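A quick write-up on the structure given underneath.
The values are calculated or read from the model by the stated rules, or taken from the named source; none is laboratory data. Since we're looking at a predicted model, the values are computed, not measured. FYI the Cβ positions are ideal-geometry reconstructions off the backbone, even for glycines, and counts take in every protein chain you see. Areas reflect the complete protein model, heavy atoms only, side chains present, ligands, DNA and RNA absent. Shrake-Rupley method; radii C 1.70, N 1.55, O 1.52, S 1.80 Å.
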Amino acid sequence: GHADRAFDVERSTVTLADVGGMAEVKKRLEVSFLGPLRNPKLRSLFGKSLRGGLLLYGPPGCGKTFLARAVAGEMGAAFVSLSITDVLNMWVGSSERNLHDLFESARGHAPCVLFLDEIDALGHKRSQLHSSAMRTVVNQLLTELDGVQGGNDGVFVLAATNAPWDVDAALRRPGRLDRTVLVLPPDRPARASIVEFHLRDRPVAGVDLDAVAAATDNFSGADLAHLCETAAEFAMRDSIATGEIRMINQADMLAAAAEIRPSTDAW
Ligand code: ATP
């Protein structure tokens, strides 16, 4: 149907071990989410249900989507990702039905992590949508989150935002997106492990991860991924020109770092 174009059901190939840094975030996910998930007996002993989702918040490009995908990978769950801005733009007039189809599809693929990006778009005044139309979408989402029709067994909702203050308060109530996880820009050791991850399947020689990390203050995870691509491109260009493989080296990494403007200064 119409809704299908907005989302794909993926199988995640990353796990939390692939996520650089975020020691605190991982601990929090373990305690509030993955731990209970893995211990059904203790859940029933303590009378805790698995209801309710997580709200990830923090600056752009620092790994919220990546983290959600890793959570799915960790659980062996399907992964469905959708941007609320896209929902509002594509599903004008049919968003209720399509949101329902989305949740139905997630229920059909359970266990499934449903990732809703830019959830704050539902609270915006600047949207094209008339506020009554927006209200309709929010209400439908609340209905789906509450699992009124069909139950949400095995559907785990993770939402993300750069603007937590804009997120509709009704979405934050108990049983809905009731736990928040702050995802900050990577610190120096985290940057080293993110760079290591993005170089792992590429030919490298003599790259000093710590020195790269030291030269990339305020780089987001996305910036670091881009840096590794850029460095790879430099080495590949040389390899094409000379017909001989030249590995990615430290000079490539530093030259790439100098070309990229870090995107997290403002946070
Ligand atoms: P946005 O708010 O713009 O959606 P985001 O916080 O969801 O940003 P991601 O899309 O998850 O950011 O990150 C972009 C890319 O940056 C990822 O696909 C991944 O390649 C890389 N990345 C970000 N953080 C990490 C990390 N901690 N470890 C490894 N790679 C990372």
Relative contact order computed over the chain (Cα-Cα under 8 Å; 6+ residues apart), in percent: 23
Per-residue accessible area for LYS27 at 1.4 Å probe radius, Å² rounded to 10? 120
Just to confirm, what accessible area per residue do you get for the stretch 1-83 at 1.4 Å probe, in whole Å²? 50
Test of understanding: in a Gaussian network model of the chain with alpha carbons linked when under 10 Å, which of GLU233, GLU96, GLU196 would top the mean-square fluctuation ranking? GLU233
Quick one: pull the percent of accessible area on the chain belonging to carbon and sulfur, 1.4 Å probe, ligands and nucleic acids left out. 52
Can you give me the Cα centroid spacing of the stretch 42-56 and the stretch 60-131 in angstrom? 21
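Suppose R0 equals 45 Å; then what is the FRET efficiency for SER44 and ASN162 from their Cβ-Cβ distance, rounded to the nearest 0.05?
The formula returns an efficiency of 0.75 here.
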The chain - share of DSSP beta bridges that are antiparallel (%, nearest 5): 15
Any idea what the dipole of the chain comes to, in debye rounded to 20, about its Cα centre with Lys/Arg Cβ at +1 and Asp/Glu Cβ at -1? 1080
Based on alpha-carbon positions alone, could you give the equivalent ellipsoid semi-axes of the chain from the gyration tensor, as √(5λ), descending, whole Å? 37, 21, 18
Per residue value of the accessible surface for the stretch 123-267 (all protein chains in place, 1.4 Å probe), Å²: 53
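Is the C-alpha gyration tensor of the stretch 1-62 telling us rounded, prolate or oblate? Criteria: a/c under 1.5 is rounded; beyond that, a/b larger than b/c is prolate, otherwise oblate.
Judged from the Cα gyration tensor, the stretch 1-62 comes out oblate (a/c at least 1.5, b/c at or above a/b).
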Taking +1 at the Cβ of each Lys and Arg and -1 at the Cβ of each Asp and Glu, which of GLY147, ALA213, VAL183 sits farthest along the dipole of the stretch 100-223 towards its positive end, judged by Cα position relative to the Cα centre? GLY147
Once the other residues with Cβ under 9 Å from the Cβ of PRO262 are scored (Lys, Arg +1; Asp, Glu -1), what is the net sum? -2
